[in-house]
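Working notes for the structure below.
Quick note: the coordinates plus some simple rules give every number you see, no bench work behind them. No experiment lies behind these values; they were computed from the predicted model shown. Cβ: placed from backbone, ideal geometry, glycine included. Neighbour counts: every protein chain shown.
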Amino acid sequence: MTLESIHEPADLRPLSYPELDELAGEIRDFVVRAVADTGGHLGSNLGAVELTLALHRVFESPRDAILWDTGHQAYIHKMVTGRQHQFDSLRQSNGLSGYPSREESQHDFVENSHASTILSYAYGLAVARDAGMAGDRRHIVAVIGDGSMTGGMAYEALNNLGHSKRRVIVVLNDNGRSYAPTISNLTASAASLPMIEAERPNEAHSLPARITDRLSHTLTNVRLNPVYVRRQRRIESFLRELPVVGPQAEKGMEAFKAAVREFLQPPSFFEALGVRYVGPVDGHNVERLEHAFRNAIELSGEGPICVHVLTQKGRGYSPAEDDDEKHLHDTPVFDPAIGPPKAIPSGYTQAFADAIIKEADGDPRIVAITAAMPGPTGLIPFELRFPDRFFDVGIAEQHAMTGAAGMAMGGLRPVVALYSTFLSRAWDQVVYDVALHRLPVVLCLDRAGITGDDGPSHHGVYDMALLSKVPGMRVLAPSSAQELGVMLHDAMVLADDGPVVIRYPKGAAHQVSEHEVGTGLHARRIQQGDGSVCVLAIGKMVAIAEKAAEQLASEGLTVSVWDVRSCAPLDPAMITDAATHAMVVTVEDGIRDGGIGMTIADRIHAIDPAVPVEVLGVPTRFIPQAKPDRILAQLGLDAQGIAATIRSRIH
């Protein structure tokens, strides 16, 4: 049996378990080769192979809705639903998305790449199904995990599911990780559970461990048995109806069951919310997974049920298994024979990593906070240097922001490092918990602007437009690695008067001399033109604007160029100078409508309404995946595009 013969989920069902094991090996080889060619998410998909096969053998997608949280773990799902031949275009322009995509397949219900959302989708779909609005859809299966259970939205949905008794099957894919090791008490509890056979060291086979192991698996099998459930209900009814002692007998039985659960399994949390729990189940044993899912189908008639599955992130590929930081959660292009090089911060991320350690060395108040991404945000060196001053709160941006507010209230100087796209999850907290209190919190937003391969959900294009409208917020955008260091240093002083944001892009950082940096909230004039055109550029776009100016200079047009640096507040000296020119062009890699360029135009027109201002930025639409430079060129935000805009306006 070869992978090429699998074109749809139905092709999996005739296979024997030995054939499925062989297929799983082929799938892992295929995924490694595919991701090596294009880059992408590797570790989480290697860990979800058997889980995906079992799901598609038991459930009938798309009649049954299989929903994926943290959609980057859905590569295998894509493969068995007819998209193998598209993997050479994974995450490329006009190619296969790195996440579920409704445009690609009827098997993809949710285009999600932001974590902790899927249980809410499942609840909503269940409501629609039960109202007769979803055709003949039978089962709704929500696969959550890879750290998503650290997000507060997941718990809100669990609570609602349990209360409403909606028929939803929750599959908790517990690999102990998000990007980094998962920060969660549920994961800590799972660590004490019986380990998957292939991972269990010989020294763990003490007599007490073997007894607990056997009891746990036995109890799991019993709890999955519908006959047991029916008999349990009859016993509970019998005890309840006993004369005089009925209520006490029923409570006694519940207390005994709770004690056994607490010792052997972690279901009490789920069941307190009204969600039946079974597990743990070996997530790399298709037969056991299928048994668990089939019984969960029958048990789900009484309400939501959680099947706890233990998997190994990066399974079957030595470089991923040996990667202690992230199990090759994501990778660039690499040689599959040796694996990718060790991930290290680069560009602006590295500049931030160096700058925060320098500042923290001189200021013991500085603490660093991130939401499950210490590596990608450059905070691992800080964690190693200051372990007691580093806080990874899991996939919980809202908590990170309000936690930072509390730390600031207590006299600390918290630096919160997030991806720009993920900050929007904590918008309420930024405005009302941090800014309203004028607290000294510094936000460092990595991956700002057009990010590329991960598609519309990961472009960081809204931060400037949103944050610049928050009263008292200072928004800074460095145009070089050296500027970032200066801005972080200045932010520690500016924070005395309230929060400060520093936003910077993914990729290589522009390098300049120590004399080519600004200070504080002042803009920096890079070159003085002849008074005809003034270009005001932000962050990454400064170097691009300089290249455009060079092109125009070769044609005899000398333009003024400013590095805006401080997007909020804007430097009055820069605005005054720009208003003296015959034409002004603003350039930003954020959303154009309501962005910084439009604010600049308003300020210039307050001085001289006759000065034309051309505002260049990202249009208000979802931008598909492609390399960042290609996207910027398509939007007219490369050097050629800026120069062309200026030529068209002056002739």
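Subtracting the Cα-Cα distance of D602 and N94 from 0.36 nm times their residue separation leaves 179.1 nm of extension gain. Between S5 and K469, the distance separating the two model label sites (each 7 Å from Cα on the Cα→Cβ line) works out to 5.8 nm.
Computed log10 I(q)/I(0) for segment 347-503 at 0.10, 0.13 Å⁻¹: -0.29, -0.51, from the Debye equation with unit scatterers placed on every C-alpha and solvent omitted. Net charge dipole, segment 527-650: roughly 380 debye, given to the nearest 20, about the Cα centre with Cβ charges of +1 for Lys and Arg and -1 for Asp and Glu.
Counting only DSSP beta bridges with both residues in segment 527-650, tell me the antiparallel percent, nearest 5.
Expressed as a percentage, antiparallel bridges in segment 527-650 total about 5.
Counting DSSP beta bridges with both partners in segment 347-503, what percentage is antiparallel, nearest 5? Counting DSSP beta bridges with both partners in segment 347-503, the antiparallel share is about 5 percent. The amide H of L67, built 1.01 Å from its N in the peptide plane, has V141, A142, V143 as neighbours under 5 Å, considering only residues 5 or more places off or on other chains. Each residue of segment 562-574 is assigned a 3J(HN,Hα), and the resulting list reads 10, 8, 4, 6, 9, 7, 8, x, 7, 6, x, 5, 5 Hz, derived from the Karplus form 6.51 cos²θ - 1.76 cosθ + 1.60 (θ = phi - 60°), x at Gly and Pro. What the Cα convex hull of segment 286-439 gives, in volume per residue, is 175 Å³.
Measuring r between the beta carbons of R647 and E298 and using R0 = 60 Å, the FRET efficiency lands at 0.30. If you bin all the Cα-Cα distances of segment 527-650 at 5 Å, starting from zero, the percentages per bin are 2, 12, 24, 25, 20, 11, 4, 1, 0. Between L476 and V501, I502, R503, C567, the built amide H atoms are under 5 Å apart, and every one of these is 5 or more places off in sequence or on another chain. Give the distance, in whole Å, between the Cα centre of segment 354-391 and the Cα centre of segment 586-618. Measuring centre to centre over Cα atoms gives 36 Å.
A simple spin-label model places pseudo-atoms 7 Å from Cα toward Cβ; at M133 and T576 they are separated by 5.9 nm. Note on E555 and D322: the extension gain reaches 78.3 nm, defined as 0.36 nm multiplied by sequence separation minus the Cα-Cα distance.
Going from the residue with the fewest nearby Cβ atoms within 10 Å to the one with the most, F334, F269 rank F269, F334. For F269 and E60, the FRET efficiency from 1/(1 + (r/R0)^6), where r spans their Cβ atoms and R0 equals 51 Å, is about 0.95.
Label sites at E156 and D428, each approximated as a point 7 angstrom past Cα along Cα to Cβ, lie 0.6 nm apart.
For A610 and D21, the difference between the fully extended length at 0.36 nm per residue and the C-alpha to C-alpha distance is 204.8 nm.
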